[in-house]
Structures are given as C-alpha cells and as structure tokens.
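K.L.:
Sharing a structure below in structure tokens format, with a few things to ask.
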Amino acid sequence: MSDSHATAVDTAESHPQLRHHFANMEQQKNTASLGMWLFLVTEIMFFGGLFCAYLIYRLMHFNAFAAASQQLDIKWGAFNTAVLLVSSVTVVLAVRAAQDGNRKQLVGYLVITVLLGLTFLGVKAIEYKEKFEKHHVPGPTFAFTNTFDDNGKQIPVNPKEAELFFSLYFAMTGMHALHMIIGCGLFSVLAVLAWKGHYSPGYYTPIENAGLYWHLVDIIWIYLFPLLYLISRHS
Amino acid sequence: MATTVIPAQPISRPTNYLTNGFTLKSWLLTTDHKRIAILYLISVTLFFFLGGFFAMLIRLELLTPQGDLMHADSYNKVFTAHGMIMVFFFLIPVVPAILGNFLVPLMIGAKDLAFPRINLLSWYLYIVAGGIMIHVLLNGGVDTGWTLYSPFSTQFSNTNVIEAGIAIFIVGFSSIFTGLNFIVTVHRMRAPGLTWSRLPLFIWAQYATSLIMILGTPVIAITTVMLAVERLFHLGIFDPKLGGDPLLFQHLFWFYSHPAVYIMILPSMGVISELITCFSHKRVFGYKIVALSSIAIAVIGFLVWAHHMFVTGISLYAALIFSFITFFVGVPSAIKVFNWTATLYRGSISFATPMLYAFGFIGLFTIGGLTGLFLASLGVDVHVTDTYFVVSHFHYVMVGGVVMGYLGGMHFWWPKISGRMYPEGWAKLSALFVFVGFNLTFFPQFVLGYVGMPRRYWQYPPEFQVLNVLSTAGASVLAVGYLLPMVYFAWSLRYGPIAGPNPWNAAGLEWKTASPPPTFNFDETPVVTWEAYNYDEIEPKLEDGGIR
Amino acid sequence: MSEHEHVTSRAFSIALGIGLLVLTAITVKAAFINLGAFNPVVALLIATVKATLVVLFFMHVKGASEKLTSVVVISGFFFLAILLSLSLADYLTRSWR
C-alpha cells in the first residue's frame, strides 16, 4: 500500500482507540509502527557511541582487554543470552496471541517475558556482585593482577587498561540493563491492560511496538555477549 | 474526507487555534502543533536574547585590548554560555520547532503531527533542559567552551560540567522527538494526491533535518553520559593516563555536532526555497535536484566531522579523507544557491521583507560556505584553526544563514500565524539593520583571524583594536535589528491589517486555509491535484508596492 | 491487509528460537578453538546472523507490507557503520601511536 493518507475513513464510533487526527485505524497503526522503528534507530546510534569506544580501545589494548574479559563468567553470560533469546520467542508468541484475540495466552506470555527479564537482571546482579568482590569495579578499589596468556606465554597487562575494559563493561551492560528494566516495566503495564481487555485483534499496536523494543534490546545483547565475554578464550 | 458528522457549533464566530481556549491550561496542555509552535516561539526567543546578552558581554569585553570588563575566568564562562545557549537552545530548535511545528502539518494537509503528545513532551523536555541550563548559569556557569573537550572538562574544570551535560542530554531528546515526529508525519499523514514530488521544499528540508536529528543526537547523548560518568567516578574513558584517548571524545562529539550544523542550516534553506519561489512568482528552478540536495547534505554531513580535528593529532591519512569529503558537501549546497539564483531569472520579483532576508541569506551563506571550503583545505586550516577566521566563518553560516532564514520565514508566515500583517516599512528598516550590522560585526573577524587573533581570549594586542571596535559597533546595530521585529510583531497583533488567507498569493496548502488556521487546520482534508509551486496558474499580486 | 495475517507460525517461531540457542552454543564453542585472527570474525559473524534472524522473523521485517521498514533498519546500521569505520580510519592509520 501507499504510505500516504489512506482513503477509507473509520469513525470514532466503530473504533474507540482511533485518535482524532487519523483517518482510519490502519493509518494509525502504520504511524505508530514507523515511529517505533525510528526510535529503535536512535537506540542503535545511542549504543553505537559505546560500541565505538569499545572497538577503539579493544584494538588499542587488546592484551589487557583479553585478560580482563577472561575474568568474566562465560557460563552466566551464555545463560543470560539463552534467557533473552527465549524471552524474544515468548514476545513473538504474545504478539501472536494478541492477533488471535486470545487474552489469557497474551497475559501469560507477557508475564513469562517479564519473569525471564527479571531472571536476566538477577543474573546480572550476581555478576556485578562478583565484580565487587574481585575488586573489578573501576574506581579507587580497583585491582587487577592477572596476565594475558598468549599460548602459554604470560604477558603482564597494565591494570589501568584492564580497568578501562571494566569501565566499558559496566557502561555497556549497565545501559543494557537499564533498557531491560524499562522493558520489564513496560510489559508489566501491558500485561495488566491486556488482562483488563484493552487489546483486540483490531488493536494491539502497543504490544507489537513493545515487542519491537524488546527484540532490539535482545539484539544488543547478542552483540555484547561475544564482544565482552569471548575475547581470546582459546589460549 | 467522508465527514465524521460533527454537530453544528453553537458559536457563530469561526474559531481558530488562537481563540480555541484562553486559559493557561489550554496552552500548557495543548497537543495542537500550532500552539506548541507558539510555546516554542516564546521560549526559544527568550533563550535567543539570553544568548545575545552573553554575546554583547563578549563584544564589550573585546572593545579594548585589556581585560577590563571581566576576568579571564568569567570570560570563559561567558563565551561558553553564549555557545551552549545559542547552539542547543536557539539554533537547533529555532526553525524546526517553531516554523516546522507550525507548518509541517499545514503544508501536507494533515490535522496534526503524527504524535501530538510526544510533540508536547518535546517542548517540556526543552523547558526542563533550559531550566537546568539557567540553573547552571546562576551557579557560576561552565568554563569549558560549548564543545566540552576532554580532558579539561573531565579532569580540570571546577565548574558545573555534569549539570550542563544533563541539560544537553535532555534537550537532545527534545530534538530527537521533534525529528521523529516530522519523519513519521511526512510519511504517514500527507493529504491524498500529495506525492513526494509535490511536497514543498520546506518539507524536504525538514525531513532531511529530522534524519540528522534521529541519527546524530543519540551519539551526543551517550557521549555526555560517558563524560559525566568519567567526571563522576574518575574512569579513564577519555583519560590517556588511564588508557583512554581524549580524541575519542572529539570524534564522538563532532559525529553529532558537525551534522548538527546542518540541523541548523537545512531548515533555513527550506525557508529560503519557499521565499525565493513565492516572491519571484515562478516555480523553483530544478525542484527535484533542490529537494534531493537537502538529503545529500544530510548524508554527506555525517562523513566530514573530523575536519574539526585537523590539528589535534589525528592521523594524516584520516585528515586527508575528511578534508576530501568535506569538499563534497559544497556540491549540494552550491546546487541550492545556483538554483535559487536561476529561479530569479525572468521571475516577477517583488522586494517584500521576506525576500530581502532571502537575498541576505544567499549572499551571506555563500560567503560562509566558501570560507568553509578554505577551512576544509588542510593547509589553510592549520593556519587559521582556533582563530577568529573560524568564528567568523561559522557565524556567517549560523547567523548570516540560519537567523536570516528564520527571520525571513517569520515575516513570511507571520500573517498565517497571527492573522495580521506586520508593518512593511519598519520591517524593511530592520532587515537593513540586520544585514549591515551583521556584516559589520563579522567581516572584520575574518581579517582578525587571518592576521592571527585567536578565539576565546579576553584580551589581545592593541593592533587588533580597530577591527574589534568595528565588530562591537556592528553587534550593537545587529541588536537593534533583532529587537525591532519583537516590537512591531507585538504591535501588529493588535493593530496590523487583517491578512486574509493568502496575502502573498503564494502556492502551498498552508495558504489555502484561514489565517490563523482553525484548530484542525482544514475544514475538509484537501485533495492535491497540482504540482508544487504552480505559480503559472496563480495571478501575481500587484498592489504590494514591490518593484516589478 | 488482513488483521489476522501471521507472518510466522508458532512452530516456526519456536524452531527459530531453538536455532538461535544452537547458534549461541556454537559461538561459545568456537571461542575456545584457536582460529587466530578469525576468532572475533567468527563471533561477530554468528552474532550478525542471529541479529538478522531476529530482525527478519521476530520483528517481522521479512513479509512487511512495505519496504520502508527495511530502509529504516538498514539506514540505522549504515550510519552506525559510518561512525565506526570513519573513527577507525583515524585510529588505524595514526603514525605516532
């Protein structure tokens, strides 16, 4: 279809969710969807600044980054990746349930998604706690004595450079976790509204758009996991 | 539009957006894009005069070679305040948030922007950020320059850098929401028949601007976050002692802040396209290429940022690439200038005030743009980096370009906004003041910079005084030129002649509805069956006193 | 456009989810094999495959009624690539580092 003004006109009587400045529900839905996609682009650029810093410093201080990365727990990282991927599936199923008008399924999948999100955050909290205990939190208490193992050869690394890795680690995962918290809050509200019957096969745009947001947060983690956890693990 | 049946209004007088509610609440909680534009008009104007106040302090200090008005520290804070306010609170929002907000839905035949509540939110974000910025100023200001360069901003400055960063972060999101709204609106809300090739060039310019707002602003947002976090927790992201690289800050900063220059100038270019074609009473020359040149400027603008960093020690090879690409931005900009000029050819030109501003824009922007090419050349740039040559160059683009376009647009659409005509004689006089004052202020700065006066110093060798006095004198004339429109616009609200829907006999949907427009813009959704700027089908207006 | 249009079936979504988990396992395994300079390449390649699958099928870009969505997505990553590549153009060619 053309992206312009649609010709068919819905009335406020037949569609209570139709806002005054749209001609019909389809125009309103397409508008909201495009707005969400553009917002996701701003999110990509927002994280892009962090990715840029990461990329440059990783190239500059590869040994320190590898040594520091090896201090992260790959099991937790992989587990959290799996949790997020499963939650993406449940979001897809939630949107589908909304399309079908299956209210119970919709609420169920939304609740599962929130629980998976909270699981992710819980694991993140465990990891952060471990960083505190190992003095891997950047700041005055930071300490790093590990070396970079280059095929059996132990190369000492500058702790300042390892600290830089952890600064970026906390900045990137912290910013990601903030987005997860927002996503969990969003889905909780949507679950309540869905329970109250706000959504129908003719109107489920908020579910769909929140889903798009959740998938993007998932995609960011898909990149964060190998970049942060998997540097030079083979040595 | 198959009308949704609206019961006949009991009021006999036709209401417009201004008379639709008089309470403070009806303004502060409005979702009407036209009212939000007025809210922006008031707040942006306040910040313009605040930034102008700091500009006057700078010029007064530089009247004499000695630092006699203020200390070096205060001077740092004053030019920082001038830069931050003018860039983030005036130049970036001025045309999109005021004229764009008002005109985008009108020009495309929509009832409102796609997301009216987000539009209001973006104004509130602007106000919150502005409040924080004023709080920063009252608490002693910031002394880093508007560029906030690390390591000074992260390690050495004792001023409110973090708070200023928060203000920039928030006002950035205001700008992102405006851009997002415009893009979605242009895609989704156009009237039937209004194809992309029939869109006004102002819309194309707003669209290109919005692309930059969406793609660039998030990067400055995350950069200010990194800056604040580094300052707060003494991390080493930009600190070479801790493994970081201060140049990375500049890379990320200019990735946004160079395209931001096009956020400022593109909307004004859109205004000028409208003015030139209307007051030549002729379809714009090369519509398609002018439209696409806006997009080209937006895209190429993202590829040139490190030309701000030629002397910082970036790699010579990178500098060559950035220098080379910078020349390419000149191409679409020149296309616009040539097409505007070609539009004039055999046009039936009238010299109404908006057209005077358009002429001013073309001349001054050309000077600003060409000196930009000097600066894009590595060798010349090394010679004039951080001198008044650079200051003058970007003021020719920002003030000679953006502000000229803005004032031209305000005069052109004032009858639509207010329903009244401004006094033409006073307006012409003030346009003259602006043009003369501007050149007197900034042309001497080209010379000053070329002979070696560095920017951001509060005192200078006595041999530079004559040119500095000229510049300060020019700034005073310019100030009069800026204050006059305030007075006569306000005057015209009550005493100006009624404008009628289309005082200029202009093409474009915004002129086909009442002035001021009704709340939902059009009584019936218009159906567009004509090409843009079909001036050959519109009778020229002859009694406006213009020279033919 | 039907409101009940399903771009992906439920079974397909679940299968895709399992596929993504398998890819995650492969990433982890691959990280422990010495591929020299290709370790990060492989890791990022797999991540990109995963991200593409999520965008195309979970976010329904494949089968979307208009091309605009893909244009938006691609332009987002395109400008990110500009940020990264032109910054690297400086860092990778510095003579004094």
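K.L.:
Does A:VAL114 satisfy being within 17 Å of the chain's Cα centre (by Cα), away from every other protein chain (no Cβ under 14 Å) and in contact (Cβ under 8 Å) with a residue 24 or more places away in the chain? It would help to see each step written out before you state the result.
P.N.:
Numbers: within 17 Å of the chain's Cα centre (by Cα): yes; away from every other protein chain (no Cβ under 14 Å): yes; in contact (Cβ under 8 Å) with a residue 24 or more places away in the chain: yes.
Spelling it out, A:VAL114 is indeed within 17 Å of the chain's Cα centre (by Cα), away from every other protein chain (no Cβ under 14 Å) and in contact (Cβ under 8 Å) with a residue 24 or more places away in the chain.
K.L.:
Does region B:148-167 include one or more residues that are at pLDDT 95 or above and within 14 Å of chain A (Cβ to nearest Cβ)?
P.N.:
Yes, that holds for at least one residue.
K.L.:
How many residues does region A:203-235 contain that are under 20 Å from A:GLY174 (Cα atoms), more than 7 Å from chain C (Cβ to nearest Cβ) and of a type in the set (Phe, Trp, Tyr)?
P.N.:
Number of matching residues: 5.
This table checks each residue for (1) closer than 30 Å to B:GLY379 by Cα; (2) of a type in the set (Phe, Trp, Tyr); (3) at pLDDT 95 or above.
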site	(1), (2), (3)
B:PHE446	yes, yes, yes
B:MET453	yes, no, yes
B:LEU467	yes, no, yes
B:LEU478	no, no, yes
B:ALA490	no, no, yes
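K.L.:
Mind listing whichever residues of region C:74-89 are buried (at least 19 other Cβ atoms within 10 Å of the Cβ) and either over 14 Å from B:HIS251 (Cα atoms) or within 9 Å of chain A (Cβ to nearest Cβ) (or both)?
P.N.:
Just the residues of region C:74-89 that are buried (at least 19 other Cβ atoms within 10 Å of the Cβ), to begin with: C:76, C:79-80, C:83, C:86-87.
Once the filter is applied, which keeps residues that are buried (at least 19 other Cβ atoms within 10 Å of the Cβ) and either over 14 Å from B:HIS251 (Cα atoms) or within 9 Å of chain A (Cβ to nearest Cβ) (or both), region C:74-89 yields C:GLY76, C:PHE79, C:LEU80, C:LEU83, C:SER87.
K.L.:
Looking at this structure, is A:LYS134 of a type in the set (Lys, Arg) and free of Cβ contacts under 8 Å to residues at least 60 places away in the same chain? Show your work before the answer.
P.N.:
Values: of a type in the set (Lys, Arg): yes; free of Cβ contacts under 8 Å to residues at least 60 places away in the same chain: no.
No; evaluated as a whole, the condition is false for this residue.
K.L.:
In this structure, does A:THR90 turn out to be within 20 Å of the chain's Cα centre (by Cα) and on the phi < 0 side of the Ramachandran plot? I'd like the intermediate steps shown before the answer.
P.N.:
Details: within 20 Å of the chain's Cα centre (by Cα): yes; on the phi < 0 side of the Ramachandran plot: yes.
Considered against the rule, which asks whether it is within 20 Å of the chain's Cα centre (by Cα) and on the phi < 0 side of the Ramachandran plot, A:THR90 comes out as yes.
K.L.:
Kindly provide the set of residues from region B:174-193 that are more than 10 Å from every other protein chain (Cβ to nearest Cβ) and among the small types (Gly, Ala, Ser), ordered by number.
P.N.:
Residues satisfying the conditions are B:SER174, B:SER175.
K.L.:
Does C:THR69 satisfy the criteria of being over 12 Å from B:LEU215 (Cβ atoms), facing chain A (nearest Cβ under 7 Å) and among the β-branched types (Val, Ile, Thr)? Before you say what the answer is, go through the steps one by one.
P.N.:
Working: over 12 Å from B:LEU215 (Cβ atoms): yes; facing chain A (nearest Cβ under 7 Å): yes; among the β-branched types (Val, Ile, Thr): yes.
Spelling it out, C:THR69 is indeed over 12 Å from B:LEU215 (Cβ atoms), facing chain A (nearest Cβ under 7 Å) and among the β-branched types (Val, Ile, Thr).
Residue-wise test of (1) under 19 Å from the mean Cα position of the chain (by Cα); (2) free of Cβ contacts under 8 Å to residues at least 24 places away in the same chain.
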position: A:ALA162; (1), (2): no, no
position: A:PHE165; (1), (2): no, no
position: A:ALA171; (1), (2): yes, no
position: A:GLY174; (1), (2): yes, yes
position: A:ILE181; (1), (2): yes, no
position: A:GLY185; (1), (2): yes, yes
position: A:THR205; (1), (2): no, no
position: A:GLU208; (1), (2): yes, no
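K.L.:
Identify the residue in region C:31-54 that is within 12 Å of the chain's Cα centre (by Cα) and more than 7 Å from chain A (Cβ to nearest Cβ) and, among all such residues, is nearest to A:VAL89 (Cα to Cα).
P.N.:
Taking region C:31-54 first, the residues within 12 Å of the chain's Cα centre (by Cα) are C:43-54.
Next, from what is left, pick out any that are more than 7 Å from chain A (Cβ to nearest Cβ): C:45-46, C:48-49, C:52-53.
Numbers: C:LEU45: 22, C:ILE46: 19, C:THR48: 18, C:VAL49: 16, C:THR52: 15, C:LEU53: 12 Å.
Ranking the candidates gives C:LEU53 first.
K.L.:
Also, quick follow-up: Mind checking which residues of region B:308-350 are within 14 Å of another protein chain (Cβ to nearest Cβ) and small (Gly, Ala, Ser)?
P.N.:
B:GLY313, B:SER315, B:ALA318, B:ALA319, B:SER323
K.L.:
Can you tell me which of B:VAL171, B:VAL225 is farther than 22 Å from B:TYR287 by Cα and more than 10 Å from chain A (Cβ to nearest Cβ)?
P.N.:
Details: B:VAL225 fails: more than 10 Å from chain A (Cβ to nearest Cβ).
On inspection, the qualifying residue turns out to be B:VAL171.
This table checks each residue for (1) assigned to a helix (DSSP H, G or I); (2) in contact (Cβ under 8 Å) with a residue 24 or more places away in the chain.
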position	(1), (2)
A:LEU55	yes, no
A:ARG58	yes, yes
A:ALA64	yes, yes
A:ALA68	yes, yes
A:LEU72	no, yes
A:ASN80	yes, yes
A:SER87	yes, yes
A:LEU93	yes, no
A:ALA98	yes, yes
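K.L.:
Follow-up question, since we're still on this one. Of the residues C:SER85, C:SER95, only one is assigned to a helix (DSSP H, G or I), more than 15 Å from A:LEU227 (Cβ to Cβ) and either without any contact (Cβ under 8 Å) to a residue 24 or more places away in the chain or within 21 Å of the chain's Cα centre (by Cα) (or both); which? Quick ask: steps written out before the conclusion?
P.N.:
On the way: C:SER95 fails: assigned to a helix (DSSP H, G or I).
It is C:SER85.
K.L.:
Scanning for something within 24 Å of A:HIS234 (Cβ to Cβ), assigned by TED's automatic domain parsing to the domain that holds C:PHE12 and of a type in the set (S, T, N, Q), does region C:35-48 turn up at least one residue? Quick ask: steps written out before the conclusion?
P.N.:
First pass over region C:35-48, keeping only residues within 24 Å of A:HIS234 (Cβ to Cβ): C:35-48.
From the residues that got through so far, the ones that are assigned by TED's automatic domain parsing to the domain that holds C:PHE12 too are C:35-48.
Okay, now just the ones that are also of a type in the set (S, T, N, Q), so C:39, C:48.
Checked against the condition, which is being within 24 Å of A:HIS234 (Cβ to Cβ), assigned by TED's automatic domain parsing to the domain that holds C:PHE12 and of a type in the set (S, T, N, Q), region C:35-48 yields at least one hit.
K.L.:
Quick check on B:ILE321: is it touching a residue at least 60 places away in the same chain (Cβ under 8 Å) and either of a type outside the set (D, E, K, R) or touching a strand residue (DSSP E or B) at 6+ places or on another chain (Cβ under 7 Å) (or both)?
P.N.:
Details: touching a residue at least 60 places away in the same chain (Cβ under 8 Å): no; either of a type outside the set (D, E, K, R) or touching a strand residue (DSSP E or B) at 6+ places or on another chain (Cβ under 7 Å) (or both): yes.
The answer is no for B:ILE321.
K.L.:
Might you check whether a residue that is polar (S, T, N, Q) and within 14 Å of chain C (Cβ to nearest Cβ) occurs anywhere in region A:185-201? Talk me through it step by step, then tell me what you get.
P.N.:
Going through region A:185-201, the residues polar (S, T, N, Q) turn out to be A:188, A:200.
With the extra rule that they be within 14 Å of chain C (Cβ to nearest Cβ), the set shrinks to A:200.
Yes, region A:185-201 contains a residue that is polar (S, T, N, Q) and within 14 Å of chain C (Cβ to nearest Cβ).
K.L.:
For region B:241-262, which residues satisfy the criterion of being away from chain A (no Cβ under 14 Å) and either small (Gly, Ala, Ser) or within 24 Å of B:ALA358 (Cβ to Cβ) (or both)?
P.N.:
Step one: list which residues in region B:241-262 are away from chain A (no Cβ under 14 Å), which gives B:258, B:261-262.
Across region B:241-262, the qualifying residues are B:VAL261, B:TYR262.
K.L.:
Is it fair to say B:VAL384 is surrounded by 18 or more Cβ atoms within 10 Å (Cβ to Cβ), more than 22 Å from the chain's Cα centre (by Cα) and modelled with pLDDT of 95 or more? Even if it seems obvious, please write down each step before you answer.
P.N.:
On the way: surrounded by 18 or more Cβ atoms within 10 Å (Cβ to Cβ): yes; more than 22 Å from the chain's Cα centre (by Cα): yes; modelled with pLDDT of 95 or more: yes.
For B:VAL384, the condition - surrounded by 18 or more Cβ atoms within 10 Å (Cβ to Cβ), more than 22 Å from the chain's Cα centre (by Cα) and modelled with pLDDT of 95 or more - is met.
K.L.:
Only one of these is in contact (Cβ under 8 Å) with a residue 24 or more places away in the chain, part of a helix (DSSP H, G or I) and surrounded by fewer than 19 Cβ atoms within 10 Å (Cβ to Cβ): A:LYS129, A:LYS124. Name it. Don't jump to the end; show me each part of the working.
P.N.:
Numbers: A:LYS129 fails: in contact (Cβ under 8 Å) with a residue 24 or more places away in the chain.
Just a single option satisfies the conditions, and that option is A:LYS124.
K.L.:
What are the residues in region A:1-31 that are modelled with pLDDT under 80, surrounded by 12 or more Cβ atoms within 10 Å (Cβ to Cβ) and of a type outside the set (Val, Ile, Thr), if any?
P.N.:
Within region A:1-31, A:ASP3, A:SER4, A:HIS5, A:ALA6, A:ASP10, A:HIS15 qualify.
K.L.:
Considering (1) more than 20 Å from A:ASN209 (Cα to Cα); (2) modelled with pLDDT under 95, say which one C:GLU3 fails and leave the rest.
P.N.:
(1)
K.L.:
For region B:131-154, which residues satisfy the criterion of being surrounded by fewer than 23 Cβ atoms within 10 Å (Cβ to Cβ) and within 30 Å of B:TRP27 (Cα to Cα)?
P.N.:
B:GLY131, B:ILE132, B:ILE134, B:HIS135, B:LEU137, B:LEU138
K.L.:
Give the residues of region C:9-30 that are at the interface with chain A (Cβ under 7 Å from one of its Cβ atoms) and among the hydroxyl-bearing types (Ser, Thr, Tyr), sorted by residue number. Break it down into steps so the answer makes sense when it comes.
P.N.:
Pass one, region C:9-30, residues at the interface with chain A (Cβ under 7 Å from one of its Cβ atoms): C:10, C:13-14, C:17, C:20-21, C:24, C:27-28.
Residues satisfying the conditions are C:SER13, C:THR24, C:THR27.
K.L.:
Going through region B:452-467 one residue at a time, which ones are in contact with a Gly (Cβ under 6 Å, 6 or more places away or on another chain) and of a type in the set (Phe, Trp, Tyr)? Outline the logic, then answer.
P.N.:
Start the filter on region B:452-467 by keeping residues that are in contact with a Gly (Cβ under 6 Å, 6 or more places away or on another chain), which leaves B:458-459.
Once the filter is applied, which keeps residues that are in contact with a Gly (Cβ under 6 Å, 6 or more places away or on another chain) and of a type in the set (Phe, Trp, Tyr), region B:452-467 yields only B:TRP458.
K.L.:
On the basis of being crowded, with 23+ Cβ neighbours inside 10 Å and within 21 Å of B:VAL229 (Cβ to Cβ), does A:LEU190 make the cut? Break it down stepwise before answering.
P.N.:
Working: crowded, with 23+ Cβ neighbours inside 10 Å: yes; within 21 Å of B:VAL229 (Cβ to Cβ): no.
Against the criterion (crowded, with 23+ Cβ neighbours inside 10 Å and within 21 Å of B:VAL229 (Cβ to Cβ)), A:LEU190 does not qualify.
K.L.:
With the requirement that a residue be away from chain B (no Cβ under 14 Å) and either loosely packed, with under 12 Cβ neighbours inside 10 Å or modelled with pLDDT of 90 or more (or both), what does region A:133-155 give you? Don't jump to the end; show me each part of the working.
P.N.:
Taking region A:133-155 first, the residues away from chain B (no Cβ under 14 Å) are A:133-135, A:143, A:145-155.
Scanning region A:133-155 gives A:GLU133, A:LYS134, A:HIS135, A:ALA143, A:THR145, A:ASN151, A:GLY152, A:LYS153, A:GLN154.
The values are calculated or read from the model by the stated rules, or taken from the named source; none is laboratory data. Keep in mind that this is a model prediction, so the values were computed, not measured. With ideal geometry, Cβ positions are generated from the backbone for all residues, glycine too; neighbour counts draw on all protein chains shown.
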